[in-house]
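Encoded as structure tokens, the structure appears first; notes follow it.
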Amino acid sequence: MRIGAEEEFHVLDVESGHLVPRARAVLDRLDRPGFTTELQQSVVESNSRVHDTLDDLYTDLAGARRRLDAAASSLGLAVVAAGTVPLARVTPRDVTADARYRHMAEEYRRVADEQLICSAQVHVDVPDRDTAVRAMCLVSPWLAPLLALSASSPFWLGADTGYASWRTMLWQRWPTAGPVGCHASAADYDTAVQELIGSGVISDAGMVYHDVRPSAHQGTLELRICDACPRAETVVLVAGLFRALVRDACERLADRDGPLCDGHHDWLRAAAWRAARSGLEGYLVDPATRRAAPAPEVLRGMRDRLRPALEASGDWDTVHGLLEEALAAGSAAHRLRRAAAAEDLLASVDLMVDETRGGRAGRRAAPAARRPVPPVGTGGARLRRTTAGGTAA
């Protein structure tokens with residue numbers, strides 16, 4: 001089961017740390033395919049190639065980040081992989097000049113204006129579209145822990161939200177965002193999508209924003225619940241766990257004829273809220289018991305449950321080590337909040353930039369021209385790699 005990833009990056013002014021609508025200028029400096037625009041002019045998207053191993057996926061992601069960083073740096077800009085950035089302003093004038101995006105801006109108004117968020121998506125090969133649709137029911141209960149791993153958006157418009165993933169709160173306002181329903185077949189799922197389009201609520205299948213969905217153009221199942229992750233290692237960890245979830249689901253579907261899902265998905269939105277609120281630093285809803293449990297306990301239990309699937313893909317050692325490293329370091333939201341509490345919001349911006357480049361050093365020296373920002377109070381294993389930005393991790 002091959003894997004691939006899409007990452008979204010905020011474009012920032014390197015001196016002020018503010019979000020700026022200059023994605024096109026960055027893209028014009030890149031001389032290879034794989035990068036594109038998004039709804040907002042302040043976001044650049046990077047699409048990996050398809051890979052068999054997590055090591056190869058990491059190398060691809062790190063290389064793309066290096067190229068993006070080089071292009072942005074030449075313009076006095078920086079790129080950041082995180083759910084939100086601390087310093088931004090909302091304006092309806094910064095939508096990318098594309099007919100589809102213009103329609104979305106006009107139709108969804110403030111929801112589209114506030115789409116100053118970035119996510120990471122993972123694709124995993126599936127045998128066929130029917131399997132992809134049926135597998136969604138089996139993987140859905142386990143997606144909230146992956147959101148907790150990725151949580152990187154504690155700040156919004158200069159304030160601490162108290163959430164680990166405020167991006168999730170903003171994202172769930174779209175009419176099709178959130179848990180997917182149960183569907184018996186691809187035909188059943190496609191009928192449901194066509195009904196949504198026919199209702200006029202969405203204009204095309206690309207606007208189905210469920211936490212997981214069958215790709216419209218590839219033979220994959222696509223994970224969509226996660227924040228963009230400052231550390232590329234986190235994307236790799238999430239990809240390894242999601243591949244194991246999909247492999248396990250496909251094997252269970254192949255071994256049995258009857259339905260394997262109880263159809264009770266009403267608790268999944270609550271589980272996602274809990275993960276968005278707490279990240280790795282609090283409790284999650286344990287999918288095995290549907291009871292509250294500490295995040296490390298839930299994630300280690302998930303990893304151990306998936307061990308056969310992880311070993312079948314050759315991912316056990318990497319996922320085991322990266323998960324322990326992630327739990328020891330805490331969520332990106334925790335690290336960013338800690339940096340802001342120790343200094344100011346610009347310290348958290350610097351940490352985002354540094355980690356996106358592949359570093360672990362923390363804050364760099366602040367440029368003298370920066371305007372002071374008031375401080376904000378707080379309410380393991382390594383892959384074979386050359387790190388983004390050339391720094392040793």
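The values are calculated or read from the model by the stated rules, or taken from the named source; none is laboratory data. Because the structure is a prediction, the values reported are computed rather than measured. Heads up, the Cβs are rebuilt from the backbone with ideal geometry, glycines too, and the neighbour counts pull from every protein chain shown. In case anyone asks, the SASA skips ligands and DNA or RNA and just uses the protein heavy atoms, side chains included. Shrake-Rupley method; radii C 1.70, N 1.55, O 1.52, S 1.80 Å.
Sort out for me the Cα centre separation of region 279-322 from region 1-75, rounded to whole Å.
Here the two parts' Cα centres lie 29 Å apart.
How big is the charge dipole of region 119-188 about its Cα centre, in debye rounded to the nearest 20, if each Lys and Arg gets +1 on its Cβ and each Asp and Glu gets -1 on its Cβ? Please report the intermediate quantities before stating the final value.
Values: 4 positive and 5 negative charges, 38 e Å.
Result for region 119-188 is approximately 180 debye, rounded to the nearest 20.
5 Å is the cut-off here: which amide hydrogens, built 1.01 Å from N in the peptide plane, fall below it relative to D211, excluding neighbours closer than 5 in sequence?
It is G178, V180, by chain and number.
With the other protein chains left in place, how much accessible area per residue, in square angstrom, belongs to the chain at a 1.4 angstrom probe?
The answer is 40 Å² per residue.
Placing +1 at every Lys and Arg Cβ and -1 at every Asp and Glu Cβ, with all other atoms neutral, what dipole size does the chain have around its Cα centre, in debye to the nearest 20?
980 debye
For region 40-121, state which trypsin sites (Lys or Arg not before Pro) are in a DSSP loop and have at most 11 other beta carbons lying within 10 Å of their beta carbon.
Hits after loop and neighbour filter: R89, R93, R109.
Run lengths n ≥ 4 of DSSP H only: what is the helix-derived mean residue ellipticity at 222 nm for the chain, with -39500 (n - 2.57) per run over all residues, to the nearest 500?
Using -39500 (n - 2.57) per qualifying helix, the result is -13000 deg cm²/dmol.
When ranked by the protection proxy of mean other Cβ atoms within 10 Å per residue, highest first, what sequence do the peptides 322-332, 130-140, 261-271 form?
Packing order, densest peptide first, comes out as 130-140, 322-332, 261-271.
Apply the Karplus curve 6.51 cos²θ - 1.76 cosθ + 1.60, θ = phi - 60°, to the phi angles in region 229-245 and return the couplings in whole Hz, x for Gly and Pro.
Couplings: 10, x, 8, 4, 4, 5, 4, 5, 4, 4, 4, x, 5, 5, 4, 5, 4 Hz.
For region 210-219, what does the Karplus curve 6.51 cos²θ - 1.76 cosθ + 1.60, with θ = phi - 60°, yield as ³J(HN,Hα) per residue in whole Hz, taken in order and with x for Gly and Pro?
4, 4, 8, 7, x, 5, 6, 10, 10, x
Have a look at the DSSP beta bridges in the chain and tell me what percent are antiparallel, nearest 5.
In the chain, DSSP labels about 95 percent of beta bridges as antiparallel.
Quick check on region 228-299: what are the equivalent-ellipsoid semi-axes from the Cα gyration tensor, as sqrt(5λ), descending, whole Å?
24, 19, 10
Given a 1.4 Å probe and every protein chain left where it sits, what share in percent of the accessible area of region 135-201 is carbon and sulfur? If you can, show how the numbers build up before the last one.
Values: 1190 of 2050 Å².
C and S fraction of accessible area: 58 percent.
Starting from the Cα gyration tensor of region 48-203, multiply each eigenvalue by 5, take the square root, and state the resulting semi-axes largest first in whole Å.
Its equivalent ellipsoid spans semi-axes of 29, 24, 17 Å.
Per-residue HN-Hα couplings for region 193-209, Karplus 6.51 cos²θ - 1.76 cosθ + 1.60 at θ = phi - 60°, whole Hz, x for Gly and Pro?
Couplings: 5, 5, 5, 4, 5, x, 6, x, 6, 10, 9, 7, 5, x, 9, 7, 10 Hz.
Bins of 5 Å, beginning at zero and ending with the bin holding the largest distance: percent of Cα pairs per bin for region 1-117, please.
2, 12, 21, 21, 18, 13, 8, 3, 1
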